[in-house]
Amino acid sequence: MSKRPFVNRLNDLDPKTWLKFQKSWFVHAPPPRKKGVIRHPAKFPETLAQEFIEFFTKQEQVVLDPMVGTGSTLLAAMRSGRYSIGIELNPQYAEIADQLVTEEKKILGESVQDILCHVIQGDAAQITNLGVEFEFPEIDYVLTSPPYWDMLHAKGAQTQKKRRDTPELDIQYSDAPEDLGNIHDYDEFLSKLIEIYVSLKPLLKPRAYLTVIVKNVKKGGKIYPLAWDLARILGETYTLKDEKIWCQDDIRLAPYGLGSAWVSNTFHHYCLQFRNE
Ligand SMILES: C[S@@+](CC[C@H](N)C(=O)[O-])C[C@H]1O[C@@H](n2cnc3c(N)ncnc32)[C@H](O)[C@@H]1O
């Protein structure tokens, strides 16, 4: 009996790699961060971004990250032969992203010379105007991670302590009022973030996927379910497909609540999958 040929309409992966990615959780061991990007307080690894991009797109399709930081999504897209557009509010991060893209192009050589990789310094809330101004093509996939509310302002955060002693490392993304990480009211933050994600819809191809990497936020002894709120509310605009949980297994445990209360060391992020259906 002849086997049916594997028809792959979504990506360029073989069935084995496809299935491996569909596991609902993963541990990622990234290479150490490069010098230029340590300044940014919360980036995701390019190697992780590349796995998502290679699952949700084919070569030469277009990836968008509306809050691109120092450009992980762009580098990952270029490495896998995808076009990409990144928007970033903080001019210094946008500049770092631009430099890294130029360096990466040199490293990768001939094969990526025609791969468009565009960094735009701007406010993601203005994406409709930016799309017109910069003549965005139709977007095949969105990979992004927002500020985790105003968590970087929290004094007790363990990683922040280290950063306070090292002046060249940023503690917050910026002082700009448009920076979503500077909105202290949770509901206001959530609705502005949702507004941005909803405004992407006219730019996306039908059936394009969106992946939002996010965490629930712990503040003042309680959880603000940012990931779950996003999943529920954004699920009214896009179809919420599922979650893939990114477990970090390389972070030192801190003695929160030791001897008195349950305070978890939260070492997982939700990679929420939506589809423009
Ligand atoms: C979690 S970080 C993203 C990091 C990025 N994934 C990376 O790997 O470098 C969130 C980013 O959103 C940016 N940001 C905050 N508000 C923004 C806005 N209104 N428009 C565009 N970017 C914004 C911050 O400056 C920050 O770099």
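The values are calculated or read from the model by the stated rules, or taken from the named source; none is laboratory data. These figures come from a predicted structure and were not determined experimentally. All Cβ positions, glycine included, derive from the backbone under ideal geometry; neighbour counts span all protein chains shown.
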Single unsatisfied condition, Thr47 versus (1) within 13 Å of the chain's Cα centre (by Cα); (2) over 28 Å from Thr166 (Cα atoms): (2)
- request: Consider Tyr141 carefully, then state whether it is among the hydroxyl-bearing types (Ser, Thr, Tyr), within 15 Å of Tyr173 (Cβ to Cβ) and not in a loop (DSSP other than H, G, I, E, B).
  value: no
Whichever residue in segment 16-61 is assigned to a helix (DSSP H, G or I) and of a type in the set (Gly, Ala, Ser) and, among such residues, is modelled with the lowest pLDDT: Gly36
task: Considering each of Gln126, Gln99 in turn, give the residue that is within 16 Å of the ligand (Cβ to nearest atom), assigned to a helix (DSSP H, G or I) and closer than 26 Å to Phe189 by Cα.
output: Gln126
- prompt: Do we have any residue at all in segment 67-78 that's touching a Cys at 6+ places or on another chain (Cβ under 6 Å) and more than 11 Å from the ligand (Cβ to nearest atom)?
  reply: yes
- request: Of all residues in segment 193-221, count the ones that are more than 15 Å from the chain's Cα centre (by Cα), crowded, with 18+ Cβ neighbours inside 10 Å and among the β-branched types (Val, Ile, Thr).
  value: 1
task: Scan segment 222-263 residue by residue and report those that are exposed (fewer than 11 other Cβ atoms within 10 Å of the Cβ) and within 30 Å of Pro206 (Cα to Cα).
output: Glu236
field: Every pair of residues 6+ apart whose Cβ atoms lie under 7 Å, when the first sits in segment 171-199 and is under 20 Å from Val212 (Cα atoms) and in a helix (DSSP H, G or I) while the second is modelled with pLDDT of 95 or more and acidic (Asp, Glu)
entry: Leu190/Asp229
